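Here is the structure we will look at.
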Amino acid sequence: MESFYTDTNNFVPYNLEHFICVFVILILGWFFLYFGKYKWNKKKRWKYPILLSCAVYFTQLFKVFFRMYLGNFDHTVDLPLHLCNMLPLFMIIALFLKSRLLLSIIFFWILAGTVQSNITPDLKNVLPHYEAIRYWVVHMWLPILAVYTTYVLGFRYTYKDALRSAICLNVIAAIVYPINLLLGSNYLYLMAKPNADTIYNYLGPWPWYIISLELVMFVLFTLIVAVSKLFYKTKKDIVIGKVV
């Protein structure tokens, strides 16, 4: 049990564990997409991604309450205020409401941001540590759920959706920034770069890397729409079930 809760700070990116975690969840994700597309009825196609999103969010919340139990909770780093930590809850709400608007907003956040977190993970502990479990569950399953909304549920996202998503992300940043000032925290990495070797390291010093991220976001969101259009010939939504 000590390996589950004792911090080791010995995770090394691009080692065997990194590749195994990504590979295993990708395989599981492939089955999830396959069954959603070809095996489940309309009701199950909405029900099961909601249940999966709840499981992902429970994993995120477990970290908060478990750190409280251990007595090492730190409000400057452990609150679920990083974007990837908020997204499971947003996904639950969007799927429960069957809201194309909400799904279109978080779709771009996930594919542009969460996917990058799997390539350059900001992780300190190795499995079976609870933080490692949380990190891979949240950051790997969110992209699978995002792909599910278009591959299985049939949503087709447009450049207009990408622009709306970008605006909303800036609104989220504007809300989190004063919280950082109040708590002395660095949520959304608005106050400083992450310690890990990530894309932030190539975007200049603070605060210029935040401006650079705006350009990166514009490019990535545009590419996501462009690539999506290569797979789908129609711009219409072909959605399973009633959608708001």
*Please indicate, with yes or no, whether at least one residue in the stretch 75-95 is part of a helix (DSSP H, G or I), of a type in the set (Gly, Ala, Ser), open to solvent by less than 30 Å² (accessible area, probe 1.4 Å) and out of contact with any Pro (no Cβ under 8 Å at 6 or more places or on another chain).*
yes
*asked:* Only one of Leu52, Leu28 is open to solvent by 50 Å² or more (accessible area, probe 1.4 Å), modelled with pLDDT of 95 or more and of a type outside the set (D, E, K, R). Can you tell me which?
replied: Leu28
*Identify all residues within the stretch 1-55 that are among the acidic types (Asp, Glu) and either under 21 Å from Ile93 (Cβ atoms) or in contact with a Leu (Cβ under 9 Å, 6 or more places away or on another chain) (or both); write none if there are none.*
Glu17
*Just give me the residues in the stretch 191-220 being without any contact (Cβ under 8 Å) to a residue 24 or more places away in the chain, of a type in the set (S, T, N, Q) and open to solvent by 60 Å² or more (accessible area, probe 1.4 Å), in sequence order.*
Asn201
*Yes/no for Leu142 being within 28 Å of Leu26 (Cβ to Cβ), open to solvent by 50 Å² or more (accessible area, probe 1.4 Å) and touching a Cys at 6+ places or on another chain (Cβ under 8 Å)*: no
*State whether one or more residues within the stretch 30-37 are in a helix (DSSP H, G or I), within 17 Å of Leu103 (Cβ to Cβ), touching a residue at least 40 places away in the same chain (Cβ under 8 Å) and of a type in the set (Gly, Ala, Ser).*
yes
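The values are calculated or read from the model by the stated rules, or taken from the named source; none is laboratory data. What you see is a predicted model; the values in this text were computed from it and never measured. Cβ atoms come from the backbone with ideal geometry, glycine included; neighbour counts cover every protein chain shown. Please note that ligands, DNA and RNA were not included when accessible areas were found on the heavy atoms of the full protein model with its side chains. Shrake-Rupley method; radii C 1.70, N 1.55, O 1.52, S 1.80 Å.
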